[in-house]
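Asks: Can you read through this structure? Questions will come right after.
The values are calculated or read from the model by the stated rules, or taken from the named source; none is laboratory data. In this text the structure is predicted, and so the values were computed from the model without any measurement. Don't worry about glycine lacking a Cβ; one is built from the backbone with ideal geometry, like all the others, and counts go over all protein chains shown. For accessibility, only protein heavy atoms count, side chains too; no ligands or nucleic acids. Shrake-Rupley method; radii C 1.70, N 1.55, O 1.52, S 1.80 Å.
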Amino acid sequence: MLTRSDDLEILLTVVDSGGFSAAAEALDIQVARVSRAVSKVEKQLGVSILNRTTRRVELTDEGRQFVDSIRVGLLQIQQAEEELITRGELPKGRLRVDAASPFVFHQLVPLVQAFNKVYPDIQLELTSNEGFVDLLEKKTDLAIRIGQLTDSTLHARLLGKSLLYIVASPDYLARRGIPKQTNDLSTHETIGFSGPKILNHWPLKGFETLASTVTSSNGETVRQLTLAGNGIACLSGFMVKKDIEEGRLVALLEPDKLINTGREQINAVYYKSSSVAKRISAFIDFIQPKLSL
């Protein structure tokens, strides 16, 4: 007897949510239904998929391999169903898009209203993560990533390039002076990222990583700290170009700045076999010409 796809969906939800009760709440079903579905799958396979403890559930080695496979399999089933149902129609359904919060705030949020008017049947769901996101595990359809890509299993479309800027507020520069060359930064307060480390490699000739006065994992927090006069930071143009144009921030050390470091790339990435290809294409085609990178 073949395992039902809805039982497999329940199993995946248990794995992703970390427990039976959390899965039941996410799916709005009874815990007993969740437990029966997982037990049924394990019985049919003849192996244990989950190790259950009082606090959490963990995948067995066999379970981990099985879950990785069924994620892909269920995605292909969903793709076949949706292609048949939506043939010849405007894209519709849920589209989950993930990006670092500054990109969401400064680039995507201003476009949502217009996108909804053009594609009223697409339910857009925006999430913000500052680091790498496993698209399948997080049930994300499309991620916007900044910098060079290394994952060859993902399909990527280059949205454009966003130059990096070394910036500080006029108030800070009035108090501490304007750095004239890269070496001058060692006498200034700098604002950095707590991770990844590459974000603290500023694109300047002869630059050595500085011990930052304050750090944050969030680019928008770094921007706000800079606007408030806490020091000098290195940020992408998509979040500070308007600040520079309107005088809230000052671009520094432009003659010493390096370009084409790889960090300028902005890519939209998704799995090649994505079941939401029409919605993804519609979203990318809509936002790309409207981005201010």
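Asks: Return yes when GLN113 is over 17 Å from the mean Cα position of the chain (by Cα) and either more than 20 Å from SER17 (Cα to Cα) or modelled with pLDDT under 95 (or both) and no when it is not. Full working, then the answer.
Replies: On the way: over 17 Å from the mean Cα position of the chain (by Cα): yes; either more than 20 Å from SER17 (Cα to Cα) or modelled with pLDDT under 95 (or both): yes.
When the stated conditions are applied, GLN113 passes them.
Asks: Are there any pairs, at least 6 apart or on different chains, whose C-beta atoms fall under 8 Å, with the first in the stretch 146-158 and modelled with pLDDT under 70 and the second surrounded by 13 or more Cβ atoms within 10 Å (Cβ to Cβ) and not hydrophobic (A, V, I, L, M, F, W, C), and if so, which?
Replies: Pairs found: THR153/TYR271.
Yes/no per residue for (1) of a type in the set (A, V, I, L, M, F, W, C); (2) surrounded by 17 or more Cβ atoms within 10 Å (Cβ to Cβ); (3) over 26 Å from the mean Cα position of the chain (by Cα):
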| residue | (1), (2), (3) |
| --- | --- |
| GLY219 | no, yes, no |
| LEU227 | yes, yes, no |
| PHE238 | yes, yes, no |
| LYS242 | no, no, no |
| ARG248 | no, no, yes |
| PRO255 | no, no, yes |
| ARG263 | no, yes, no |
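Asks: State all residues of the stretch 28-49 that are part of a helix (DSSP H, G or I), modelled with pLDDT of 80 or more and in contact with a helix residue (DSSP H, G or I) (Cβ under 8 Å, 6 or more places away or on another chain); if no residue qualifies, say none.
Replies: Correct list: VAL31, ARG33, VAL34, SER35, ALA37, VAL38, LYS40, VAL41.
Asks: Would you please name the residue that is modelled with the highest pLDDT, looking only at residues in the stretch 186-240 that are assigned to a loop (DSSP other than H, G, I, E, B) and among the polar types (S, T, N, Q)?
Replies: ASN230
Asks: How many of the residues making up the stretch 174-193 are under 15 Å from GLY231 (Cβ atoms) and free of Cβ contacts under 8 Å to residues at least 24 places away in the same chain?
Replies: Of all residues in the stretch 174-193, those under 15 Å from GLY231 (Cβ atoms) come to 174-179, 184-193.
Among the residues that remain, those that are also free of Cβ contacts under 8 Å to residues at least 24 places away in the same chain are: 174, 176-177, 184, 187.
Summing the residues that are under 15 Å from GLY231 (Cβ atoms) and free of Cβ contacts under 8 Å to residues at least 24 places away in the same chain in the stretch 174-193 gives 5.
Asks: Still on this structure, I have one more. Please give the number of the condition VAL104 fails out of (1) among the aliphatic types (A, V, I, L, M); (2) at pLDDT 80 or above; (3) open to solvent by 40 Å² or more (accessible area, probe 1.4 Å).
Replies: VAL104 satisfies every listed condition except (3).
Asks: If TRP202 passes every condition in (1) open to solvent by 70 Å² or more (accessible area, probe 1.4 Å); (2) without any contact (Cβ under 8 Å) to a residue 60 or more places away in the chain; (3) more than 21 Å from the chain's Cα centre (by Cα) but one, which one does it miss?
Replies: (1)
Asks: Return the residue satisfying two criteria in turn: it lies in the stretch 31-75 and is of a type in the set (Ser, Thr, Tyr) and without any contact (Cβ under 8 Å) to a residue 12 or more places away in the chain, and of such residues it is least open to solvent (accessible area, probe 1.4 Å).
Replies: Going residue by residue through the stretch 31-75, those that are of a type in the set (Ser, Thr, Tyr) are 35, 39, 48, 53-54, 60, 69.
In the following step, the residues that additionally are without any contact (Cβ under 8 Å) to a residue 12 or more places away in the chain were identified as 39, 53-54, 69.
Values: SER39: 55, THR53: 79, THR54: 146, SER69: 72 Å².
Among residues in the stretch 31-75 that are of a type in the set (Ser, Thr, Tyr) and without any contact (Cβ under 8 Å) to a residue 12 or more places away in the chain, the one least open to solvent (accessible area, probe 1.4 Å) is SER39.
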